[in-house]
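Remarks on the structure that follows.
The values are calculated or read from the model by the stated rules, or taken from the named source; none is laboratory data. Please read these numbers as outputs of a predicted model, since none were measured by experiment. Cβ sites come from the backbone with ideal geometry, for glycine too, and all protein chains shown count toward neighbours. The area values use the complete protein model at the heavy-atom level, side chains included, leaving out ligands, DNA and RNA. Shrake-Rupley method; radii C 1.70, N 1.55, O 1.52, S 1.80 Å.
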Amino acid sequence: MSVITISREFASEGTYIAQQAAQALGYYLVEKSTLEKILSQYGFVQFGEEYESAPSYWDRLDANRINMIEMLNRVVRAIAQHGNVVILGRGSFAVLAGFADVLNICIQAPLAFRVKRVMEQQAIIEPDKAEALVKESDRVRANFIHSWYGVDWDKTGNFDLVIDTSKVP
């Protein structure tokens, strides 16, 4: 497989898994900072903000936002053409859907497991605060994917492999 995309739920350890997979395979890891750096070279310095926001109907018709997403898609496809790469998030599974030599992986875990992990990692005492953080992150990711690619991020059928890190550490 020359390209692996890894999508992950917040606090599912998907970032760690992507790093380890890239290192073990000798692949280049492309993550948020890599894509933001490339996009900023083309003038799309607000991509991070865009990803974190929930675009309204009118926002999705904004020419600058459309151009930014089209550029993101071009960058992801260009990176995939080089091969031997692990692409972490940013809708890469949707951009590369149907491409040969692409393995789309989703890393997930039950909400309670992820809340516990966030509480431990971020020293959050109140479970409600940790749960709100996890749910908000999931909402942002799902909204971005659904708004721009019209697919449901949490549907396992969009992936070739789904790993539950509460069962497979």
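Between Tyr16 and Thr34, full extension at 0.36 nm per residue minus the direct alpha carbon distance yields a gain of 4.9 nm. Taking region 82-115 and a reference point 7 angstrom along Cα→Cβ of Val151, the backbone N atoms nearer than 17 Å belong to 86-108.
If you stretched the chain out fully between Val162 and Glu126, how much longer would it get, using 0.36 nm times the residue separation minus the C-alpha to C-alpha distance?
Working: separation 36, 0.36 × 36 = 12.96 nm, distance 2.96 nm.
Stretched out fully, the Val162 to Glu126 stretch lengthens by 10.0 nm.
Under the membrane-span-like helix rule (DSSP H runs whose alpha carbons stretch at least 18 Å along the helix axis, mean Kyte-Doolittle hydropathy 0.5 or higher), the chain yields none.
With the convex hull built on the Cα atoms of the chain, state its orientation-averaged projected area in nm².
Its Cα hull, projected and averaged over all orientations, spans 10.1 nm².
Here Ala24 and Ala112 are evaluated by their C-beta separation; at R0 = 41 Å the FRET efficiency comes out at 0.85. Carbon and sulfur atoms: what percent of the 1.4 Å accessible area of the chain do they account for? The value for the chain is 53 percent carbon and sulfur by accessible area.
Straightening the chain between Gln81 and Ser2 buys 27.6 nm, computed as 0.36 nm per residue apart minus the Cα-Cα spacing.
Solvent-accessible area per residue in region 60-169 equals 53 Å², computed with a 1.4 angstrom probe and all protein chains kept. Its Kirkwood hydrodynamic radius, worked out from the mean inverse distance over all distinct Cα pairs, puts region 62-147 at 15.2 Å. Build a GNM of the chain with springs between Cα atoms under 10 Å apart, and of Gln81, Gln19, Gln121 the one that fluctuates most is Gln121.
Calculated mean residue ellipticity, 222 nm, the chain: -16000 deg cm²/dmol, from DSSP H runs (n ≥ 4) at -39500 (n - 2.57) each, averaged per residue and rounded to 500.
Largest accessible area first, the residues His82, His146 order themselves as His82, His146 under a 1.4 Å probe with ligands, DNA and RNA left out.
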